[in-house]
Each structure stands twice: as C-alpha cells, then as structure tokens.
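Report on one structure; see the data block that follows.
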Amino acid sequence: MKKVILSAALLTLGLAASAQKGSVLVAGNVSYSSDKVEVSGTDTKVNEFSIEPKIGYQFSDNMTVGVEGAYLNHDGAYKLNGTAVDGSYDTYKVGGFLRYAVPFSQTFAAYADLGAGYKSETYEVDGVSTDSKGDGFYVGLKPALFINFKNNFGLNFGIGGIEYSKMDYDGDVSDSNFDFTFGKSVSVGISKNFGGAK
C-alpha cells in the first residue's frame, strides 16, 4: 500500500509558544491527506480533510487554557467493526486543551497541547441505506515547534501526536483506539498572538 500524505497543513493559525501572559490564542489547522489503499485486490483512493479551530487564554508565561473543536471527513476505504468497507465517515470533536510552552530563545519555542473532550462519528457504507453512528471521548497530546519572525508572528511545525479514544456505536458495539502519528503527519502554518502584557 502506497501512502501519499499531504497533511502539511494548508493553513494553520496558532498561538506563538513564546507569547506573553494575558494574551489570547486564536488557532486553527486545515489539512488534507490522500492515500491509495488496496481493498480486495482493487486500488481505492482515500481522501481526508480536517479543520481544527481553537481559542484560549494564556494565564502564565508558559501555560494556556482554552476550548478546541475538530471536523474530519474521510472518503474511501476504511475499517468498520474490523471489516474493510468502501464509503465515508465524519468525525466531530469538542473539548478543552492545556498548552505548555518552552521558549528556547526569542526566535524558537516548543509547545505541547493536551486535549480532551467529546467525540462523535457517523459512518456511511456504499450501497447500504443505513448509517452507523457513535459517540464517546478522546484524550490526545500534540507537540509542535514555533519559529518567531517578529512580534510573535511566525510559523508552527507539528509532527503528529498521540490520541486515545473510546467510542460506543449503534448495535451495542464498542471500540477503543490508540492512534500514534508521530512522524506520520506534518503541519506547517502561520501564527500570531494577540494582546498580553507589555
């Protein structure tokens, strides 16, 4: 299976990790990925689109707290209850996050976002009239690097992360999933921090 990932985020607006206490975070990530998957001897194209907005408040020089959301659309082959099928699914997330940032200099900083909240999914299988729905929770950790060009305006670089989710689906089906994406996905975007102490 050849995997072509274009999750080098098309657009990311995030908080500068070296921003000041009392500042406001307005963040977001938009990404796209495309895979070629072999299902029953036939190559199938799989496309994913996602958008992840955030808003928060930096209450200390290193800590930010806020709310986050996400929407992901997957179109193509996937596994449903352990069986490979062709169709699509939508994922929605709403939760909170805590960011810890470590500035290395005026130019470079690293940060990690710990997020948790509610997760919902809706599946559609090609040729089947009924949908499968589920809801549950997620907990995830995503590290990133920030490069400051001027006045907390610069670039974010993400390298994937770790996420655990527990879902309950129609028909008394439960699923626990541990997703490890370090090095498998990349996000690159712009950042600007607003407000804060002078």
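The values are calculated or read from the model by the stated rules, or taken from the named source; none is laboratory data. Not measured: the values here are computed from a predicted model. As a convention, Cβ positions derive from the backbone with ideal geometry for all residues, glycine included, and neighbour counts pool all protein chains shown. Surface accessibility is based on the protein's heavy atoms, side chains included, excluding ligands, DNA and RNA. Shrake-Rupley method; radii C 1.70, N 1.55, O 1.52, S 1.80 Å.
Tell me, please, whether a residue that is in a strand (DSSP E or B) and aliphatic (A, V, I, L, M) can be found in region 128-136.
Scanning region 128-136 turns up no residue that is in a strand (DSSP E or B) and aliphatic (A, V, I, L, M).
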_Matching residues, region 153-177, being aromatic (Phe, Trp, Tyr) and either closer than 30 Å to Gly195 by Cα or in contact with a helix residue (DSSP H, G or I) (Cβ under 8 Å, 6 or more places away or on another chain) (or both)_ = Phe153, Phe157
*asked:* Anything in region 181-198 that is open to solvent by 60 Å² or more (accessible area, probe 1.4 Å) and either in a strand (DSSP E or B) or modelled with pLDDT under 70 (or both)? List them, or say none.
replied: Ile190, Lys192, Phe194, Lys198
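Filter region 167-180 down to residues that are loosely packed, with under 15 Cβ neighbours inside 10 Å and closer than 24 Å to Leu141 by Cα and give me whichever is farthest from the chain's Cα centre (by Cα).
Ser174
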*Please name all residue pairs, on different chains or six or more residues apart, with Cβ atoms under 7 Å, provided the first residue is in region 149-170 and is within 13 Å of Asn29 (Cα to Cα) and aliphatic (A, V, I, L, M) and the second residue is modelled with pLDDT under 80 and buried (at least 19 other Cβ atoms within 10 Å of the Cβ).*
Leu155/Gly189; Leu155/Ser191
*How about region 95-115: which of its residues are surrounded by fewer than 16 Cβ atoms within 10 Å (Cβ to Cβ) and aromatic (Phe, Trp, Tyr)?*
Tyr100, Phe104, Phe108
_Residues within region 149-166 that are part of a strand (DSSP E or B), open to solvent by 20 Å² or more (accessible area, probe 1.4 Å) and out of contact with any Lys or Arg (no Cβ under 7 Å at 6 or more places or on another chain), tallied_ = 8
*Among the candidates Tyr118, Tyr71, Tyr92, which residue alone is more than 13 Å from the chain's Cα centre (by Cα), modelled with pLDDT of 95 or more and open to solvent by 30 Å² or more (accessible area, probe 1.4 Å)?*
Tyr118
_Taking the conditions exactly as written (on the phi < 0 side of the Ramachandran plot and open to solvent by 70 Å² or more (accessible area, probe 1.4 Å)), does Lys142 satisfy them or not?_
yes
